[in-house]
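The values are calculated or read from the model by the stated rules, or taken from the named source; none is laboratory data. The model shown is predicted, which means the values in this text are computed figures rather than measured ones. With ideal geometry, Cβ positions are generated from the backbone for all residues, glycine too; neighbour counts draw on all protein chains shown.
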Amino acid sequence: MLGEKMDRRVKEAIRYLGFGKNAADDRTLSMISRSYKELEREASPKHICRVFEMSVTGNGEIQAGKLLIRSRSLIRNLQGCDKLVLFGATLGTGVDKLITRASLTDMAGAVVLQACACAYLEEYCDECQERIGEELKMQGRYLRPRFSPGYGDFDIHYQEPLMRMLDCAKTIGLTMTESFMMTPTKSVTAVIGASPVEERCPVSGCEACSRKDCPYRRN
């Protein structure tokens, strides 16, 4: 099992590095392996989520609690959903410091470390979403893929009210600059629709799904 998990991590890091269908060389594979060991040592992953009843208003806005979102692509993704999960996660400040140190002495190593950190964060978010999904399944609800501010026409500015409703600064130490950059940088916010109809969407999201004609697909 551990070997399979590491294989997935390596494949994801290679994808983030932009190798496409080309094989990574031995030096890159060695750097990836070393980067994951460093991340395991320095990362302190945390997450927070809250579940709200949701609806689509007559003005074409998604409403969940006090949050109002105008986004055609998100409405398509949430079609049939009646609950919305607000989600935030971070790998912590230790990862930022690790990448900063590497960038001062080894730029190639820093690039590989960045790619591995992205893959590590996605893996953590997938694991969190699986646990959230299991809890909601007991209520007869099934999750859609995560949808983050910045996808499609889901404007990045929605990051601010989303983080405020989750109280991210207090709960997981996640803050945001005036230019909507998150601190720590290896962090993510997202909304996840929950529907009474099971669509069998993969936790890993639309990028991993072969159904190109899915009406809920994010772009």
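For first residues located in segment 29-44 and more than 14 Å from VAL10 (Cα to Cα), partners that are modelled with pLDDT of 95 or more and among the small types (Gly, Ala, Ser) and lie 6+ apart or on another chain with Cβ distances below 7 Å form the pairs GLU42/GLY94; ALA43/GLY92; ALA43/GLY94; SER44/GLY92; SER44/GLY94.
Here's the yes/no breakdown for (1) closer than 30 Å to VAL197 by Cβ; (2) at pLDDT below 95; (3) outside any helix (DSSP H, G or I):
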{"site": "CYS116", "(1), (2), (3)": "no, no, no"}
{"site": "CYS125", "(1), (2), (3)": "yes, no, no"}
{"site": "ARG131", "(1), (2), (3)": "yes, no, no"}
{"site": "GLU178", "(1), (2), (3)": "no, yes, yes"}
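Screening CYS81 on (1) within 30 Å of SER33 (Cβ to Cβ); (2) among the hydrophobic types (A, V, I, L, M, F, W, C); (3) crowded, with 19+ Cβ neighbours inside 10 Å; (4) out of contact with any Leu (no Cβ under 8 Å at 6 or more places or on another chain) shows it passes everything except condition (1).
The set of residues in segment 133-145 that are of a type in the set (A, V, I, L, M), within 17 Å of ASN77 (Cβ to Cβ) and not in a helix (DSSP H, G or I) contains only LEU143.
Quick grid of which residues meet (1) over 22 Å from CYS168 (Cα atoms); (2) among the basic types (Lys, Arg):
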{"position": "ARG27", "(1), (2)": "yes, yes"}
{"position": "SER30", "(1), (2)": "yes, no"}
{"position": "ARG50", "(1), (2)": "no, yes"}
{"position": "GLY58", "(1), (2)": "yes, no"}
{"position": "GLN63", "(1), (2)": "no, no"}
{"position": "SER71", "(1), (2)": "yes, no"}
{"position": "LEU104", "(1), (2)": "yes, no"}
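Across segment 55-74, what is the number of residues that are over 26 Å from TYR120 (Cα atoms) and buried (at least 18 other Cβ atoms within 10 Å of the Cβ)? Spell out the reasoning first.
Going through segment 55-74, the residues over 26 Å from TYR120 (Cα atoms) turn out to be 55-73.
Narrowing further to those that are buried (at least 18 other Cβ atoms within 10 Å of the Cβ): 62, 64, 67, 69, 71.
Counting residues in segment 55-74 that are over 26 Å from TYR120 (Cα atoms) and buried (at least 18 other Cβ atoms within 10 Å of the Cβ) gives 5.
Count of segment 176-185 residues, restricted to those that are of a type in the set (Val, Ile, Thr) and surrounded by fewer than 14 Cβ atoms within 10 Å (Cβ to Cβ), is 1.
Name the one entry in ARG164, ARG218, ARG211 that is surrounded by fewer than 18 Cβ atoms within 10 Å (Cβ to Cβ) and modelled with pLDDT under 95.
Values: ARG164 fails: modelled with pLDDT under 95; ARG218 fails: surrounded by fewer than 18 Cβ atoms within 10 Å (Cβ to Cβ).
Every option except ARG211 fails the conditions.
Cβ-Cβ contacts under 7 Å between residues 6 or more apart (or on different chains), taken from a first residue in segment 70-85 that is on the phi > 0 side of the Ramachandran plot to a second residue that is surrounded by fewer than 19 Cβ atoms within 10 Å (Cβ to Cβ), are listed as GLY80/VAL197.
Of the residues making up segment 156-176, those that are closer than 28 Å to LEU113 by Cα, touching a residue at least 24 places away in the same chain (Cβ under 8 Å) and not in a helix (DSSP H, G or I) number 3. Look at (1) out of contact with any Cys (no Cβ under 6 Å at 6 or more places or on another chain); (2) touching a residue at least 24 places away in the same chain (Cβ under 8 Å) and you find that MET181 fails only one, number (2).
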